[in-house]
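Here's the structure, in structure tokens; my notes come after.
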Protein chains: 4
Amino acid sequence: MATSEKLINIGSKHEDVQNRPDDRNVPINEVGICDLKFPLVLKGCEKDQSVTQHVQAVFSLSVDLDGAKKGIHMSRLLETVLDHNTELSLNGLKNFLEDLSNRQLAKNAYAKIDFDYFFTKVAPVSGIQSPQAYSCSFECAYDSGGFKLKQSVEVPVKTLCPCSKEISDYGAHSQRSKVWISLLHKQEGDSEVGVSLEEIVDIAENGASSPLYPILKREDERHVTMSAYDKPCFVEDVVRNIAIVLDGDIRFYSYEIRVVNFESIHSHNAFAVIQKSNI
Amino acid sequence: MATSEKLINIGSKHEDVQNRPDDRNVPINEVGICDLKFPLVLKGCEKDQSVTQHVQAVFSLSVDLDGAKKGIHMSRLLETVLDHNTELSLNGLKNFLEDLSNRQLAKNAYAKIDFDYFFTKVAPVSGIQSPQAYSCSFECAYDSGGFKLKQSVEVPVKTLCPCSKEISDYGAHSQRSKVWISLLHKQEGDSEVGVSLEEIVDIAENGASSPLYPILKREDERHVTMSAYDKPCFVEDVVRNIAIVLDGDIRFYSYEIRVVNFESIHSHNAFAVIQKSNI
Amino acid sequence: MATSEKLINIGSKHEDVQNRPDDRNVPINEVGICDLKFPLVLKGCEKDQSVTQHVQAVFSLSVDLDGAKKGIHMSRLLETVLDHNTELSLNGLKNFLEDLSNRQLAKNAYAKIDFDYFFTKVAPVSGIQSPQAYSCSFECAYDSGGFKLKQSVEVPVKTLCPCSKEISDYGAHSQRSKVWISLLHKQEGDSEVGVSLEEIVDIAENGASSPLYPILKREDERHVTMSAYDKPCFVEDVVRNIAIVLDGDIRFYSYEIRVVNFESIHSHNAFAVIQKSNI
Amino acid sequence: MATSEKLINIGSKHEDVQNRPDDRNVPINEVGICDLKFPLVLKGCEKDQSVTQHVQAVFSLSVDLDGAKKGIHMSRLLETVLDHNTELSLNGLKNFLEDLSNRQLAKNAYAKIDFDYFFTKVAPVSGIQSPQAYSCSFECAYDSGGFKLKQSVEVPVKTLCPCSKEISDYGAHSQRSKVWISLLHKQEGDSEVGVSLEEIVDIAENGASSPLYPILKREDERHVTMSAYDKPCFVEDVVRNIAIVLDGDIRFYSYEIRVVNFESIHSHNAFAVIQKSNI
């Protein structure tokens, strides 16, 4: 028998091991695949909801498994992605999760989609435009509690230290910082959930001493330097400035804000976190 | 005025900006420092509780901040580490957290200490011994709920696929996998909390197709190859094998098991998670 | 004066600090920017040279600086990317580097463009198709030696250990491995340089025990398991299998092959490297 | 036959596959293991050469392989580490490499040892002391060219932008930066090679706007803020300031300096590199 024939002839070896009963009777909260890179065309991330962008996403996909079954069908998870490929933007996620769970005969399904999205930044004086990347994620759950979506954006910003400014005759240390804003949405009925990521970016940038820009000409750099000096922010200030904007916004159920300052006077970092329910 | 004099003369610039009142009145869940590398001599991680090991830890330290205060005293966080340096093993963590919160006049304090710990692995046939690193963490909280400790260990293991073995005339794909076991302890009264990390490592390794070893001579490699083939494990099997051992162990409040298979037939990974309360 | 006015009024503060003379007289080999994320439409990476793909690239861009000048014009580096945006595929790189050096009045220019590219993988028996990501880079230099281009591709594969197979009564350990192939091209006259990345991927995959696939149905998994068992490869074998194919190929000046096995019996990795000139 | 017996009985399966001849006749530049974590007690890294420190190192170990042999003996690489354990400081590296090559009957041997080393930093005004981690490496080669050692240290520092200071009415952006200094030593006869890492750290810190410190009280923060403002440095300045110190130092054959600024006004980084031979 030739090798190719031998390899194809699965013959009596056809039993689906995953379908065998499991006598340990231990249910599994989540089982699936992660670190799966997949290209997507995303829609609905910008204020103009009709704009699309090609992104290179990383998926984590999982379902629950009841105690009586030995395993899930791993290959079906990726087949579900292939079938829903074109609708994997904000509004298609619920259908995608329903299908994920149906194909595994599972009760719950989970997906996390991480991607970089480019928004155009406009230099503050010269007006030069250039794309800047923001790391984003959509984390969704479809279970007995209905459909939930957590949108997260990582926004690099600049902070200038109020203490350093106050205690020094001149100057003040500044540094790059990162803001993570996560918004948890719980769907009521068939309402649409989610806000534009672009709006979240604006909120994060406004909470710090200054936004960052890919291109700054000299007049822009002067502007960023002086406006940051005019708006010094502790890590505590940034997290609070953002909390005030998000607080009470009933478009989402709860929010989490995390800010990290890559301190320019230490080799460790400073951080602050606020988590709060709005509903 | 000489530069050195000028720089030291803080004169009227003495106000502690962090102590100013804050009129936004937004309480902060956590504020502190992270990614701080610090050398420690750890005790109590092995079955023989008296053994010590030099580790190079990474700290995250934080407290809550009430809405009326502008900032915390970042430098005091590290001063607290310096003062408790020699007692930063399992049994000293509660005192450390109490002191962290007291020095900031905070209600809650949190610490996460990540470190690599070396346990000796003995090759299964030749008996050759060599140290193997395991990434570990102690995550603690001191708040109105009392003192809580989460111990986590990352354990690299080998898994061999039961489906691949079953459907093939010969061979079966195997791969490196990682197991994370986290045990949450809630202190009752003044009882000591925590188990030896070495015990957790054993439980993780026993749940997979085979442990890993730094040195394997040919007779050892034969043993590992055949014993793994004799004990095929899906990612679902590993997480369940471990759950059965941890289940009902009232030395800890709850557990989480996470297993990732770095699949040798895919460039993405497979994973499974079980979380459960014991009490 | 209003803040906005104040910030724009650069007035007498117009000197270009970077243009000042530098009295240390120390030439700098490379100065520029790195870790710049930028979206590109790439052409010429596939066997069908007309195919394009949207990628999210990371740029490093630099030039030399002679000892008499204080600094380069950082913002012009990114402006050059913006201006050459649409031609930043294989054939436009030389023009791009010439322009980079011209705008800085530099003699040498360097660029490194890292990106993930998706090629379609076809499951070996079922024929199911799915995209798989490969990390790639174009590294170019424009200097007195002319124009040089190094193309690199990282290819995940499967290896099965010949020793483990030989010494065991049944089974053999296998694992995920990674192959990096780098091809250095030196341009002669105005000849085009570079080969299709897809061809490099094929060479890497053929050198190992088996390629990897995003989706494998049971008949495919049987095929991959048995064909890998039929083609055991040490890390030494993979690097040699590939060297034999690349050796003497005068389309490129030299090659480097690096293979890493993420050993499924150890928590450390095995690796092998071959570097050789073809011309 | 019981499983344990079965697994130990290697019987006729005793051939050493690695020792078989290889008919492809392709020599391999380097083959070995990497990402091996191993605990060491290092000596000779500080100005006081007698001081020791426990570190957690990561090893890469390799030898060349001639074209006639199928494979190397991977387990012997780690056995060599175990045997030389206590002498794996600067002065023992040459013996270690000789032994590595001898045990594999190889001509060349290579080792790279990466580790974090803690040096004590003293706050500039308050004098408070605290350990700060520096990522270091020893990269060695033993081949026909004799024994070579490359010592590298990564030093985090602060830079303040001269352009931003010049063009702004007040303030100037600053950020955390990293300096990598690598010194290549070629041994003449039996001379000792290598300098204290502590000396390299000082050179790197003196080249920037300011060193970093783990603990800064308010008077220290004032000092760091103002002294950095008094010593603005482009990325070009840092690399040049350091080159001037290293230039002509005949204790080493050549040097490479790499500086990266994690710009606080951009989300990308700026970098500069100088490479030069001293001999």
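The values are calculated or read from the model by the stated rules, or taken from the named source; none is laboratory data. Computed from a predicted structure; not experimentally measured. Cβ atoms come from the backbone with ideal geometry, glycine included; neighbour counts cover every protein chain shown.
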If I filter the stretch D:47-57 for residues that are within 29 Å of B:ASP220 (Cα to Cα) and not polar (S, T, N, Q), do I get at least one hit? yes
For the stretch C:33-90, enumerate the residues that are farther than 22 Å from C:SER135 by Cβ, part of a strand (DSSP E or B) and not acidic (Asp, Glu). C:VAL63, C:LEU65, C:LYS69
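Being assigned to a strand (DSSP E or B) and under 29 Å from D:ASN85 (Cβ atoms) narrows it down to one residue among B:ALA133, B:ALA111, B:ALA141; which is it?
On the way: B:ALA111 fails: under 29 Å from D:ASN85 (Cβ atoms); B:ALA141 fails: under 29 Å from D:ASN85 (Cβ atoms).
Result: B:ALA133 is the single residue among B:ALA133, B:ALA111, B:ALA141 that is assigned to a strand (DSSP E or B) and under 29 Å from D:ASN85 (Cβ atoms).
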Can you tell me which residues in the stretch C:198-230 are more than 9 Å from every other protein chain (Cβ to nearest Cβ), aliphatic (A, V, I, L, M) and not in a helix (DSSP H, G or I)? C:ALA208
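Any chance the stretch D:4-21 includes a residue that's surrounded by 13 or more Cβ atoms within 10 Å (Cβ to Cβ), over 30 Å from D:VAL193 (Cα atoms), of a type in the set (Lys, Arg) and modelled with pLDDT of 65 or more? Full working, then the answer.
Residues of the stretch D:4-21 surrounded by 13 or more Cβ atoms within 10 Å (Cβ to Cβ): D:6-10, D:13, D:16-18, D:20.
From the residues that got through so far, the ones that are over 30 Å from D:VAL193 (Cα atoms) too are D:6-10, D:13, D:16-18, D:20.
Those left that are additionally of a type in the set (Lys, Arg): D:6, D:13, D:20.
Those left that are additionally modelled with pLDDT of 65 or more: D:20.
Yes, some residue in the stretch D:4-21 is surrounded by 13 or more Cβ atoms within 10 Å (Cβ to Cβ), over 30 Å from D:VAL193 (Cα atoms), of a type in the set (Lys, Arg) and modelled with pLDDT of 65 or more.
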In the stretch C:107-139, which residues are among the hydroxyl-bearing types (Ser, Thr, Tyr) and out of contact with any strand residue (DSSP E or B) (no Cβ under 8 Å at 6 or more places or on another chain)? C:SER126
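To keep it simple, each residue is scored yes or no on (1) in a loop (DSSP other than H, G, I, E, B); (2) free of Cβ contacts under 8 Å to residues at least 24 places away in the same chain; (3) more than 10 Å from every other protein chain (Cβ to nearest Cβ); (4) under 25 Å from B:LYS70 (Cβ atoms).
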residue	(1), (2), (3), (4)
A:THR159	no, no, no, yes
A:LYS165	no, no, no, yes
A:ARG176	no, no, no, yes
A:ASP190	yes, yes, yes, no
A:PRO232	yes, no, no, yes
A:VAL238	no, no, yes, yes
A:VAL245	no, no, yes, yes
A:GLY248	yes, no, yes, yes
A:TYR255	no, no, yes, yes
Would you call A:LEU88 free of Cβ contacts under 8 Å to residues at least 60 places away in the same chain, within 14 Å of chain C (Cβ to nearest Cβ) and within 16 Å of the chain's Cα centre (by Cα)? yes
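For the stretch B:16-32, name all the residues that are in a loop (DSSP other than H, G, I, E, B) and within 14 Å of B:ARG76 (Cα to Cα).
Step one: list which residues in the stretch B:16-32 are in a loop (DSSP other than H, G, I, E, B), which gives B:16, B:20, B:22-27.
Residue satisfying the conditions is B:ASP16 alone.
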Counting only residues that are in contact with a helix residue (DSSP H, G or I) (Cβ under 8 Å, 6 or more places away or on another chain) and among the acidic types (Asp, Glu), which one in the stretch D:190-244 is nearest to D:GLY171 (Cα to Cα)? D:ASP230
Considering the stretch D:197-238 alone, what residues qualify as being in contact with a Cys (Cβ under 8 Å, 6 or more places away or on another chain) and either modelled with pLDDT under 95 or among the acidic types (Asp, Glu) (or both)? D:GLU198, D:GLU221
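Residues A:TYR170, A:TYR134: which one is within 30 Å of D:SER174 (Cβ to Cβ) and surrounded by fewer than 20 Cβ atoms within 10 Å (Cβ to Cβ)? Break it down into steps so the answer makes sense when it comes.
On the way: A:TYR134 fails: surrounded by fewer than 20 Cβ atoms within 10 Å (Cβ to Cβ).
Exactly one of A:TYR170, A:TYR134 is within 30 Å of D:SER174 (Cβ to Cβ) and surrounded by fewer than 20 Cβ atoms within 10 Å (Cβ to Cβ), namely A:TYR170.
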Exactly one of C:SER196, C:SER191, C:SER209, C:SER174 is among the hydroxyl-bearing types (Ser, Thr, Tyr) and closer than 16 Å to C:VAL239 by Cβ, and that residue is C:SER209
Identify, please: which residue in the stretch B:137-157 is within 23 Å of B:SER264 (Cβ to Cβ) and free of Cβ contacts under 8 Å to residues at least 60 places away in the same chain and is, among those, surrounded by the fewest Cβ atoms within 10 Å (Cβ to Cβ)? B:GLU154
With the requirement that a residue be modelled with pLDDT of 95 or more and among the polar types (S, T, N, Q), what does the stretch B:51-86 give you? B:THR52, B:GLN53, B:GLN56, B:SER60, B:SER62, B:SER75, B:THR80
When only residues in the stretch C:115-130 that are in contact (Cβ under 8 Å) with a residue 40 or more places away in the chain and assigned to a loop (DSSP other than H, G, I, E, B) count, which is nearest to the chain's Cα centre (by Cα)? C:ALA123
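Step by step: first the residues of the stretch A:91-107, then only those that are in contact with an Asp or Glu (Cβ under 8 Å, 6 or more places away or on another chain) and either in contact (Cβ under 8 Å) with a residue 60 or more places away in the chain or closer than 13 Å to A:GLU139 by Cα (or both), then the one that is nearest to the other protein chains (Cβ to nearest Cβ). Which residue is that?
Here the answer is A:PHE96.
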Provide a single number: the residues in the stretch C:107-131 that are closer than 17 Å to A:GLN56 by Cα, surrounded by 20 or more Cβ atoms within 10 Å (Cβ to Cβ) and among the aromatic types (Phe, Trp, Tyr). 2
Is there a residue being within 13 Å of another protein chain (Cβ to nearest Cβ), modelled with pLDDT of 95 or more and touching a His at 6+ places or on another chain (Cβ under 9 Å) anywhere in the stretch C:133-154? no
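Looking only at residues that are within 14 Å of chain A (Cβ to nearest Cβ) and in a strand (DSSP E or B) in the stretch D:257-279, which one is surrounded by the fewest Cβ atoms within 10 Å (Cβ to Cβ)?
First pass over the stretch D:257-279, keeping only residues within 14 Å of chain A (Cβ to nearest Cβ): D:260-270.
Restricting the remaining residues to those that are in a strand (DSSP E or B) gives D:260-261, D:269-270.
Working: D:VAL260: 22, D:ASN261: 27, D:ASN269: 20, D:ALA270: 27.
Checking each candidate, the answer is D:ASN269.
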